[in-house]
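Encoded as structure tokens, the structure appears first; notes follow it.
The values are calculated or read from the model by the stated rules, or taken from the named source; none is laboratory data. Keep in mind it's a predicted model, so treat the numbers as computed, not measured. Virtual Cβ from ideal backbone geometry, glycine too; neighbours counted across all protein chains shown. Areas reflect the complete protein model, heavy atoms only, side chains present, ligands, DNA and RNA absent. Shrake-Rupley method; radii C 1.70, N 1.55, O 1.52, S 1.80 Å.
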Amino acid sequence: MDVTADSLVARAARELSADADELVADVERGLRREVPELWADPEIARVTTRNIAEHIAAALDGLEHGVEADRIPPPAADLDRARRLARGGVSVTAVLRAHRLAQAIALDRVLAALPRLTTDPELISAAARRLTEVATGYVDRSSERGVVAYQEERDRRLRWRLSVVNDAGLRIGTTLDIARTTQELADFATEHFADRACVDLLDALLHGRDPDRQPPVLRRIAQRAKTGAHTASSYAARRTDGPDHPRGPDGDPPPPAVAPQQLHTYPDDSPPARVLATGQPARLPADGLPGEGHSTLVVPLRARGVTLGVAQFSRDGGSEPYDGEDLLLAQEIATRAAVAVDNACRYTHARATALGLQRSLLPARTPEQSAVDVAYRYLPAGDRLGVGGDWYDVIPLSGARVALVVGDVVGHGVHAAATMGRLRTAVRTLADIDLPPDELLTHLDDVVLRLSAEAATDPDDDAAEIGATCLYAVYDPVSCSCTLARAGHVLPTVVTPDGVHRALDLPPGPPLGLGGLPFEALEVQLPEGSLLALYTDGLIEARDHDVEAGLTRLRQVLARPVRSLDAACDTVLDTLLPERPADDVALLLARTRALGDDRVAGWDLAADPAEVSRARSRVAAQLRRWGLEDLEFTAELVVSELVTNAIRYGRPPVHLRLVLPDPEPPAGPGAGHGRSLLCEVRDASSTAPHQRRARSDDEGGRGLHLVAQLAERWGTRQTRVGKTVWAELNDAAGAFPAFGDLSAI
């Protein structure tokens, strides 16, 4: 039988087929040395090994049976393996190099077998040419098909990855809420590439501090698991507020060791701890079960060079293990989520600072006064607008009167809150000198103008324009009259005891900060038990209705019977603001009281020095009727000095009035405060008295100093005609207070 080149090649292939395992091992050793990236990942290494064996078997079988190169069938899983290499992140250059290196090693082995089968050099040469032709054709054809499948998979994966990353940018970070942002990350991961996910953030950063503890304490912010998937994280954490959960009796993963919002730490040698320390992601089998296909991605959440926490994405045994592409995808999504979380943290800290500033500037509790019962609420705006400049205040005034204030500074943030605090201080200062509401707003307008001028000269101040609205009301429980003035503010609402509700039609006034325009006041009578509601525009304005509709709903709610004013405040907010308001809201409710004739006594006095003794007698008699005998001596001294000054330095008519704000001694924690007595002397002179320290040789100048020593408070208020000098006494101080230094009297 004549030996041909084809038969010689077939004999050589048949001989090598018997030692195919040895040939596969040689090729694998060569590839491990020349193309190490194929062996970096265990899964890719297994794919490469199977591919080598099946290609060598297919090529030797084709050579043995004389099949042309283009007709040798490649391994059935060849294209799937090329796609798997693409998903694993292996470069196409490495794939082509592997084909050529494997061809060279296998071809050398076959060529080395030819001289053992024949000594005819021409036949060996022909067989070598035939062998090279078939091997090259087979490798070219199989590598081309593999590259096409590889590139298709790469393009498909790239399009999918870009789509997922783009979708993540739209769905993660929709709000500035930390918990919601992290939960959006966990939800998105379980929808696209994970069976379960959990997100832990450093607890210190959540509170605006740098982590100062090792191992760092984390807080479980979000977690999510698909139906049927284990809910526990792949690496069990140690709770800082309770015992760890042990592994189940059947070796199943433990139940969730950490619940949402619980604090925990990770062991030093655990993957999450290493990721937190290095800032580098990790892809590895989870929970010590690599043989079952479990895999986990542990990715740091880093933004602006700071590690905020760590996210874990896991797949159970029924899912395909993670590859390098999955790790890149998880990193991109985690990076976007980390920026959103960092923005939410920064906003939360800034909002907490502004809100804390504003709450510190608002009254913690209303002062004691006998004119009205009050309840109040402040509600900050929604997350995006932040804290604003709305404020309220209750200011006791002389004569048992009270000032009720509600204001609104334009804008939001720390600047608005700080401006609110400055305006509230200005209002209290102006109220202490008993200015009428319209005059007070005029002075407050000047304050806003000066603040705007100061801000305009500051190059670092972005809010040069300062504007505000304000409503200032003074209620007198003796006359049951209320005087109100507004500066661009919404109208107040009043509900009388008979159920009639209406908005008080106050004269319009310009917002604060315009300057040069007048303010007008309106005086109304409010029967005892009337409900006066002062509020900012955030309460009645909304996107789904206009201001008039909001006012109508407010009046309807206020007309309903309620247990208390606090309950009325809650009902108003629940009815008009079922969700977070678009603007911050200040609400102040006041129910009026009245001081009847049994608590007020007054006498007209003649401009005669003899009236002083008669005034003392009337005061003593009245105090005995009120049961304030302990104050009799002190009150006589104070009234004597005030009446003497009015007769000597003032102008008639002169009027003396006593007011008893509290008919009974107070009970409870404030019982030691005692009952107050107001002594007022009014005359027609507008000249206000001033306290001065008399010299040793002066015959006068000691009266007001004596009044200041005896009274808790004293002062002067201007009226439309003349002035009123007043002093407030308290029976808790005893019959006669102790003096520190009498030498000046």
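Taking all protein chains as present, what is the carbon and sulfur share of the accessible area of the chain, in % to the nearest whole number, probe 1.4 Å? Before the final figure, lay out each step's value.
Numbers: 17760 of 34730 Å².
Roughly 51 percent, rounded to a whole number.
How long are the three semi-axes of the equivalent ellipsoid of segment 357-457, in whole Å, if each is the root of 5 times an eigenvalue of the C-alpha gyration tensor, listed from largest down?
Working: eigenvalues 117, 74, 17 Å².
Here the semi-axes work out to 24, 19, 9 Å.
Full extension from Ala277 to Asp120: what is 0.36 nm times the residue separation minus their Cα-Cα distance, to one decimal in nm? Provide the component values of the computation, followed by the final result.
Working: separation 157, 0.36 × 157 = 56.52 nm, distance 6.89 nm.
Contour length minus Cα-Cα distance gives 49.6 nm.
Applying 1/(1 + (r/R0)^6) with r as the Cβ-Cβ distance of Thr136 and Ala20 and R0 = 25 angstrom yields a FRET efficiency of 0.75. At a temperature of 25 °C and a viscosity of 0.890 mPa s, determine how fast segment 599-639 diffuses translationally according to Stokes-Einstein, using the Kirkwood radius over alpha-carbon pairs as Rh; express D in µm²/s, rounded to the nearest whole number. Reported coefficient: 231 µm²/s.
On the beta carbon distance between Glu528 and Gln262, with R0 = 45 Å, the FRET formula returns roughly 0.25.
Modelled this way, with points 7 Å down the Cα-to-C-beta line, the labels at Asp373 and Thr719 are 3.1 nm from one another.
For Ser479 and Thr575, compute 0.36 nm times the residue count separating them, minus their Cα-Cα distance, and round to one decimal in nm. Write down the numbers at each step before the final one.
Values: separation 96, 0.36 × 96 = 34.56 nm, distance 3.42 nm.
That works out to 31.1 nm of additional length.
Estimated purely from DSSP H runs of n ≥ 4, each contributing -39500 (n - 2.57), the mean residue ellipticity at 222 nm for the chain is -14000 deg cm²/dmol once divided by its residues.
Above 15 Å lies some portion of the pair distances; for segment 402-480, what is it as a whole percent of all C-alpha pairs? Write out the running numbers ahead of the final one.
Details: 1756 of 3081 pairs.
In whole percent, the long-distance tail amounts to 57.
Net length available on complete extension from Thr644 to Asp432 is 73.8 nm, with 0.36 nm assigned per residue and the Cα-Cα distance removed. Averaged per residue, the chain has 47 square angstrom of accessible surface, using a 1.4 angstrom probe with ligands and nucleic acids left out. Using only Cα coordinates, the Kirkwood hydrodynamic radius of the chain works out to 34.1 Å.
Between Arg209 and Glu454, the distance separating the two model label sites (each 7 Å from Cα on the Cα→Cβ line) works out to 3.4 nm.
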